[in-house]
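A.B. asks: First, the structure itself, so that you have it in front of you.
The values are calculated or read from the model by the stated rules, or taken from the named source; none is laboratory data. Just so it is clear, the structure is predicted and the values come from calculations on it, not from any experiment. Here Cβ is always computed from backbone atoms with ideal geometry, including for glycine, and neighbour counts include all displayed protein chains.
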Amino acid sequence: MSSTSPQKTIALALSEATQRLQVISETPRLDAELLLSHALQISRAQLLARLRDTMPVCYPFEEALRRRLDYEPIAYIVGEWEFFSLSFLTRAPMLTPRPETEHLVEVTLDAATTLRAVLKRPLRILELGCGSGCVAVSVAHSLPDAQVTATDINPDALALTHENAVRHNVAVQLYEGDLFTALPSDNAEAFDILVSNPPYVESGVWDNLSPVIQRHEDPRALLAGEDGLDIIRRIIHDAPAYLHPHAFIALEIGEKQFDAVAELLQEDGFSRCSACKDLAGIQRIAYAWKTAPQP
Ligand code: GLN
């Protein structure tokens, strides 16, 4: 005599997955919903409307759970992530777009409004180390008349940025290479805004980072020497030669790095250095002007 087990519902599948994900995630229920809606190719709202439906056999969900249990970011598993109200393609090992990086875009757009009024022409904006392209593409999307250039040392990052630019129908000029050396030689004082989310993690804290970062994201996009300032130091030191006299610079920085970064900016001739705090109250963006535009 065969016993038929009761049909598993979507609700039960979700609570079983939530249970398993508790070990690796602080948001296990959300993770389970995102992974299952992705696997079933429906929206999260549609999934939640079908909780009583029978759970179909779904190998992609098993595979997604297996990947997540190895601490893979949800953004890599589902292949896209929202940033600044746009959806970006995401792929290892380029950093997944972080919510705090949205402040980098906000600060850049504010400065662009000021500079556009002073300079009375389309702005030229440079991003160093574009990764997935979320910053460059968001800026280009918000400033249709700006000319946006982006660089990265990793050709895979440039390919992903290109895909995201096409996805959002914006043009971003891309160059491969190490910081400013990626640029062609005719860029003296060329840029009105320089923006970057550079690597800024201290090498000593690598072992304390979440396995989500350690196992899946590119250490080259994160680590910057003993004090985490190796790349920021190079950017600030080399920036003036590439910046228009009225230019603006904005850098994402790590917790407790603001004072050191402000000092570096002042040493290299920047003024009116200030910080923008993220939602956790951390001074997350350092920004300054090469010469403050006249009010
Ligand atoms: N804020 C990032 C983190 O989560 C670091 C990003 C960076 O180094 N640019 O570790």
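A.B. asks: Kindly indicate which of Ala150, Ala188, Ala136 is farther than 21 Å from Ile231 by Cβ and more than 14 Å from the ligand (Cβ to nearest atom).
C.D. replies: Ala188
A.B. asks: I'm trying to understand the selection: among the residues of the stretch 216-231, which are within 23 Å of Arg68 (Cα to Cα) and either more than 11 Å from the ligand (Cβ to nearest atom) or among the basic types (Lys, Arg) (or both)?
C.D. replies: His216, Arg220
A.B. asks: So, one more: Filtering the stretch 153-185 down to residues that are away from the ligand (no atom under 16 Å from the Cβ) and of a type in the set (S, T, N, Q), which residue is surrounded by the most Cβ atoms within 10 Å (Cβ to Cβ)?
C.D. replies: Across the stretch 153-185, the extreme among qualifying residues is Asn164.
A.B. asks: Can you name every residue in the stretch 150-199 that is among the aliphatic types (A, V, I, L, M) and without any contact (Cβ under 8 Å) to a residue 12 or more places away in the chain?
C.D. replies: If the condition is that a residue be among the aliphatic types (A, V, I, L, M) and without any contact (Cβ under 8 Å) to a residue 12 or more places away in the chain, then Ala159, Val166 are the ones that fit.
A.B. asks: Something else about it: Assess whether Glu106 counts as being touching a Lys or Arg at 6+ places or on another chain (Cβ under 8 Å), surrounded by 14 or more Cβ atoms within 10 Å (Cβ to Cβ) and in contact (Cβ under 8 Å) with a residue 60 or more places away in the chain.
C.D. replies: Considered against the rule, which asks whether it is touching a Lys or Arg at 6+ places or on another chain (Cβ under 8 Å), surrounded by 14 or more Cβ atoms within 10 Å (Cβ to Cβ) and in contact (Cβ under 8 Å) with a residue 60 or more places away in the chain, Glu106 comes out as no.
A.B. asks: OK, next. Across the stretch 75-84, which residue is nearest to the ligand (Cβ to nearest atom) among those that are surrounded by fewer than 22 Cβ atoms within 10 Å (Cβ to Cβ) and assigned to a strand (DSSP E or B)?
C.D. replies: Trp81
A.B. asks: Just checking, does the stretch 61-71 include any residue being out of contact with any Asp or Glu (no Cβ under 9 Å at 6 or more places or on another chain), within 15 Å of the ligand (Cβ to nearest atom) and modelled with pLDDT of 95 or more?
C.D. replies: Yes: one or more hits.
A.B. asks: Give the residues of the stretch 85-125 that are more than 16 Å from the ligand (Cβ to nearest atom) and part of a loop (DSSP other than H, G, I, E, B), sorted by residue number.
C.D. replies: Matches in the stretch 85-125: Ser85, Arg91, Lys120, Arg121, Pro122, Leu123.
A.B. asks: Okay, next question. Inspect all residues belonging to the stretch 201-220 and state whether any of them is aromatic (Phe, Trp, Tyr) and buried (at least 16 other Cβ atoms within 10 Å of the Cβ).
C.D. replies: no
Table: residues versus (1) over 20 Å from Leu158 (Cβ atoms); (2) out of contact with any helix residue (DSSP H, G or I) (no Cβ under 7 Å at 6 or more places or on another chain); (3) free of Cβ contacts under 8 Å to residues at least 24 places away in the same chain.
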site	(1), (2), (3)
Ala75	no, yes, yes
Glu80	no, yes, yes
Pro93	no, no, no
Leu119	yes, yes, no
Gly133	no, no, no
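A.B. asks: Out of contact with any strand residue (DSSP E or B) (no Cβ under 7 Å at 6 or more places or on another chain), closer than 25 Å to Asp152 by Cβ and either within 11 Å of the ligand (Cβ to nearest atom) or among the hydrophobic types (A, V, I, L, M, F, W, C) (or both): which single residue out of Ile213, Ile249, Ile235, Ile285 fits that description?
C.D. replies: One residue alone meets the criteria, Ile213.
A.B. asks: Within the stretch 197-210, is even one residue away from the ligand (no atom under 12 Å from the Cβ), over 15 Å from Ala150 (Cα atoms) and not polar (S, T, N, Q)?
C.D. replies: yes
A.B. asks: What number of residues within the stretch 1-50 satisfy the criterion of being modelled with pLDDT of 95 or more, among the hydroxyl-bearing types (Ser, Thr, Tyr) and in a loop (DSSP other than H, G, I, E, B)?
C.D. replies: 3
A.B. asks: A further question on this structure: What are the residues in the stretch 28-59 that are more than 18 Å from Tyr76 (Cα to Cα) and β-branched (Val, Ile, Thr), if any?
C.D. replies: Those that are more than 18 Å from Tyr76 (Cα to Cα) and β-branched (Val, Ile, Thr): Thr54, Val57.
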